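The values are calculated or read from the model by the stated rules, or taken from the named source; none is laboratory data. It should be emphasised that the depicted structure is a prediction, and the values quoted were computed from it without experimental measurement. Please note: Cβ atoms are built from the backbone with ideal geometry, for glycine as well, and neighbour counts cover all protein chains shown.
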Amino acid sequence: MPVETKKTYCRICTAYCALEARVENGRVIQVRGDASDPVTGGYSCSKGRQLPHQIHGPGRLRSSLFRAADGRQRPIATQQALDEIADRLEGIIAESGPRAVASYSGTAAYANSAALPVVRAWHAGIGSPSNYSTMTIDQPAKVVAVGRMGVWGGGVHTFASSDVVLSVGNNPIVSGLTLPGGVPGINPVRQLNLARKRGMKLICVDPRRSELAKRADIHLQIRPGEDPTLLAGLLRVILEEERYDADFCRDHVAGLEELRDAVAGFTPDYVESRTGVARERVSEAARLFAAGPRGCASSGTGPDMARHACLTEHLLAALNAVCGRVNREGERLPNPGVLTPKLPRPAQAVAPGLLPSFFRFQEGPRARMRGLTRLCDEMPTSTLADEILEPGEGQIRALICVGGNPALAMPDQGRMLRALASLDLLVCVDIAQSETARMAHYAIAARHALERDDVTEFMDMFYEVPYAHYAAAVIEPEFDAIEDWEVFTGLARRMKTPIELPGGSVDVAGSPSKFEVLQLIRPDTRVPLAEIRERTGGHVFEDLELVVAAPIPGLEARLELAPSGICEELREVRREAFQSPGEGPYPHRLICRRLRHVANSVGRDFPETTRRGTTNPAYMNPADLEQLGVAPGDPLEIASAHAAILAVAEPSDELQPGVISMAHCFGGAPDADVRALGSNTGRLIAVDRDYDPITGMAPQTAIPVAVRRAPA
C-alpha cells in the first residue's frame, strides 16, 4: 500500500503541536511538525516525533490484563474485564456505599477531550464524590485565586499584545505549558523572538537560570520558596511610588488600602535579605512591569508547588489588577474561544459567587482528614492515599486510574504505594504497562491518541487566536483496545447508571461515537463541532469576532485585593523565620524542574531519551559538589525530614549554591536502580505536613534537604 500522510496533533503535553503522520500498512512510520499549520508552523519537539515508538514499541500495553489467583497478570478480553469490574464495583457499593469507589485522572486523561467530562458524569451517576485528578496536586492555587478575587469579564492582556511580561517559575521552552498572558508553550522560542522584535520586555523569576531566564531582560534569581516575599515587594514599590492604575482601582477594585498596609513590611532591604535578589533589581523589575502600558503577570508549577502557593497566585492576580492589565469595553478579543459557549464578555468584575462550581471551595463533601473540601469539582488528591488507608465509613476500596501513574506522580510515594497495594480493586486504563498498571487487578488496554478522534478542547481559551483542530484517528489499533471514556460508559451500561452531560444523556445502551459524545460535552460552541471536524488540520476562524461588552447592569462587583485570609497570610510570611543558605540541619533546597525529553513519566523509554540517559540527575552548583567531595556521576544521598533518596550528581552553573534541581515522576519501587530508572523525589514529601489549608497540597518544591556523598 502507498504511504499516506495524515494531519493530526500531539497530545503528550498541552502544546498540542500540529503534526503530519506518515502511515504505511496501518502503522505510523514517521511523525513530523505540520509546516502548514497556522499556529504551530511546523514546530514539534523530540517527544512528539517519537510517537511511532510509543504506539508500536515494546512498552505498549497490547492486551487488557487481569491478576490471576497466582498473583500474575494474564490477558483478558476487554469486555469480559468490564463485566468483572462492574460486578466487583456493585458489590463494593452495596457493602460500603458509593463513596468507596474512586477514580484518578492523570495528564493523559486531560489530553483526551471526552475523558474527564465522562468520568465526572459517571461519578454523579453512581453517587460518588470520590473523583481525583492531577489538577489538585499541580496548580490548584490558580483556581483558588480566581475563587477569592473574582475575575475580569473581558479577560487579561494576552502575550501577543503585551509590552511587558512577568513570568514566575515557568519554563515553557521545555514544559510546553501555555497560560493566559504568559509566554506560549507553542513554538515558544519563535514566539519570544517575534515579541522581542516588537519591543516586548520579559521579567523572569526563577531560582534557576532556565532556558526562559537566559532570554529575559531581567532575571530575578530568587531563593527557592520566596515567591510571595518577592511579589509583595514588587507590589510595595508599585503602590508606594504610585505607579498603579489609580482610575481602574477606583472604579473596579476593593481592598487596595488593606493590601497596601499588608505589604508595607516588605521593604527593599527585607526582600533582598530573604530572596537574595538585590534591592535595586527588585525596584527595577517593579517599575518596568508597572510601566507597561500593556502586560501580564503569570506563573507555572514552580511557585504553585511551593509553600504559600495560594498567596503567590493571589499576589500575581493583584499585580495585574492594580496595574489595570485587563481588556476594556470596545476592545476586540483576539480569541473569543471557538469551543466555548456563546456568552458575552463584559468589561466588569465578576464576583466569585457567580463563577462556575469549578472555582468554588470550602463547600460540598469534605475529605475525612485535614478538614479539606472539594476544589476544581473534585476531591483533594493529596488526601487520596489516606482515604484508602484510613478505615471507617467512606474508606475508598476501589480506584480506577485513567491516563495517570499515581505510583510515580504522587507526593509521599511510600504512602501511595502502600495505599495502592491495599485496595480491594485497582483498575488502570493506560496505553503502557506503567508502574501503577503493574500493580493493578485489571489493566485495560487503551487507544493511543493517534488511534482516536480528539479536538483541542483543553487549550481552546489559551490560544492567542481563534484556533481549533479536530483530529480524526490516524490508524486503528492492531489489538483489542478502547478509549478511556468507553470504560465508563461500559461500566454505566452494566451497572445501569446514567451519564448526563451538558447536551443530554449518553446512550450507554448503544455505541455512541466519539464525535457524538463530544457534541454532548460541548453543545453550544461558537463554531459548530461538525464544521471544525470538516477542516483538514488546524484552522484559525478569522471571522469569529467578539468585542468586550459594556457592563451588565445589576452585576456590579469589584476585584477583591484583600479577601479573607490574604492579609493575614502576608503578615504570617513577614513574621516567619527564614533560613539563610547553608544553615540548619537541612541546608539545601530541592526544586522541581522539567526535562526536555520527557513529560512527567512519559517518554522515559523513548529511544532519544535513553540515549540522553535513563536517570533524573541531581543538578547542583559545581562549588557544592566540590565541597561535598563529589564528582559528576557519583551517587548522592538526599534526605528530607521525611525520607531519603539516592540520586546521581550532575554539575550545573545555572544554579546558585545551596540549590538542587531534579525532575519528578522518575524512579520505580523504592529499591529500584537509580541509574537505570532515576529516583522519585515524591518520596521526600509527607502529605500531612506543611500542607496548604485550602488545597491540601504539601510543598513539592523548595524542599529542605541535607546532601552527602552516598556510601558505596
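Numbers for the structure displayed
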quantity: Check on Gly41, of a type outside the set (D, E, K, R), loosely packed, with under 14 Cβ neighbours inside 10 Å, in contact (Cβ under 8 Å) with a residue 40 or more places away in the chain and outside the structural domain of Val455 (by TED's automatic domain parsing); calculated: no
quantity: Ile521 modelled with pLDDT of 95 or more, in contact with a Pro (Cβ under 7 Å, 6 or more places away or on another chain) and buried (at least 16 other Cβ atoms within 10 Å of the Cβ); calculated: yes
quantity: Unmet requirement for Tyr586, which otherwise passes all of (1) hydroxyl-bearing (Ser, Thr, Tyr); (2) outside any loop (DSSP other than H, G, I, E, B); (3) touching a Pro at 6+ places or on another chain (Cβ under 6 Å); calculated: (2)
quantity: Residue among Glu331, Glu387 that is surrounded by fewer than 21 Cβ atoms within 10 Å (Cβ to Cβ) and at pLDDT 95 or above; calculated: Glu331
quantity: Region 159-192, residues that are farther than 19 Å from Ser46 by Cα, of a type in the set (A, V, I, L, M, F, W, C) and at pLDDT below 90; calculated: Leu179, Val183
quantity: Residue within region 394-414 that is surrounded by fewer than 24 Cβ atoms within 10 Å (Cβ to Cβ) and of a type in the set (A, V, I, L, M, F, W, C) present; calculated: no
quantity: Residue in region 259-280 that is buried (at least 21 other Cβ atoms within 10 Å of the Cβ), under 22 Å from the mean Cα position of the chain (by Cα) and not β-branched (Val, Ile, Thr) present; calculated: no
quantity: Only one of Leu518, Leu544 that is in a helix (DSSP H, G or I), within 30 Å of Ala114 (Cβ to Cβ) and not β-branched (Val, Ile, Thr); calculated: Leu518
quantity: Hey, Pro224 surrounded by 23 or more Cβ atoms within 10 Å (Cβ to Cβ) and in contact with a strand residue (DSSP E or B) (Cβ under 6 Å, 6 or more places away or on another chain) or not; calculated: yes
quantity: Number of the exception - Val338 against (1) over 23 Å from the mean Cα position of the chain (by Cα); (2) part of a loop (DSSP other than H, G, I, E, B); (3) in contact (Cβ under 8 Å) with a residue 12 or more places away in the chain; calculated: (1)
quantity: Region 452-473, residues that are surrounded by fewer than 24 Cβ atoms within 10 Å (Cβ to Cβ), among the aliphatic types (A, V, I, L, M) and closer than 26 Å to Gly57 by Cα; calculated: Ala472, Ala473
quantity: Arg596 among the basic types (Lys, Arg) and in a loop (DSSP other than H, G, I, E, B); calculated: yes
quantity: Qualifying residue in region 91-106 (condition: in the same structural domain as Leu408 (by TED's automatic domain parsing) and within 14 Å of the chain's Cα centre (by Cα)); calculated: yes
quantity: Of the criteria (1) surrounded by 16 or more Cβ atoms within 10 Å (Cβ to Cβ); (2) in contact (Cβ under 8 Å) with a residue 24 or more places away in the chain; (3) more than 24 Å from Ala347 (Cβ to Cβ), which one Leu559 fails; calculated: (3)
quantity: Wholly enclosed helices (runs of 4 or more DSSP H) of region 1-110 bearing at least 3 residues within 18 Å of Tyr442 (Cβ to Cβ); calculated: 78-96
quantity: Single match in Val707, Val687 (criterion: over 25 Å from the mean Cα position of the chain (by Cα) and either in a strand (DSSP E or B) or surrounded by 20 or more Cβ atoms within 10 Å (Cβ to Cβ) (or both)); calculated: Val707
quantity: Output for region 2-22, where each listed residue is within 18 Å of Met461 (Cα to Cα) and either among the hydroxyl-bearing types (Ser, Thr, Tyr) or in the same structural domain as Arg452 (by TED's automatic domain parsing) (or both); calculated: Tyr9, Thr14, Tyr16
quantity: Residue within region 120-134 that is surrounded by fewer than 21 Cβ atoms within 10 Å (Cβ to Cβ), without any contact (Cβ under 8 Å) to a residue 40 or more places away in the chain and over 15 Å from the mean Cα position of the chain (by Cα) present; calculated: yes
quantity: Residue match in region 416-425 (condition: crowded, with 23+ Cβ neighbours inside 10 Å, in contact with a helix residue (DSSP H, G or I) (Cβ under 9 Å, 6 or more places away or on another chain) and of a type outside the set (A, V, I, L, M)); calculated: no
quantity: Search result, residues across region 444-478 that are without any contact (Cβ under 8 Å) to a residue 40 or more places away in the chain and within 23 Å of the chain's Cα centre (by Cα); calculated: Arg447
quantity: Count - residues of region 173-213 that are farther than 20 Å from Thr275 by Cβ and either part of a helix (DSSP H, G or I) or of a type in the set (Lys, Arg) (or both); calculated: 15
quantity: Pair list, Cβ under 8 Å, 6 or more apart: region 96-114 residue at pLDDT below 95, other residue aromatic (Phe, Trp, Tyr) and not in a strand (DSSP E or B); calculated: Tyr110/Phe458; Ala111/Phe458
quantity: Within region 290-305, tally of residues that are assigned to a helix (DSSP H, G or I) and within 15 Å of Leu177 (Cβ to Cβ); calculated: 4
quantity: When residues of region 395-414 are limited to those that are of a type in the set (A, V, I, L, M, F, W, C) and part of a helix (DSSP H, G or I), the one modelled with the highest pLDDT; calculated: Ala407
quantity: One residue from Gly504, Gly403 being in contact with a strand residue (DSSP E or B) (Cβ under 9 Å, 6 or more places away or on another chain) and at positive phi; calculated: Gly403
quantity: Output for region 655-679, where each listed residue is farther than 16 Å from Ala409 by Cβ and either in contact with a Ser or Thr (Cβ under 6 Å, 6 or more places away or on another chain) or of a type outside the set (Asp, Glu) (or both); calculated: Leu655, Gln656, Pro657, Gly658, Val659, Ile660, Ser661, Val674, Arg675, Ala676
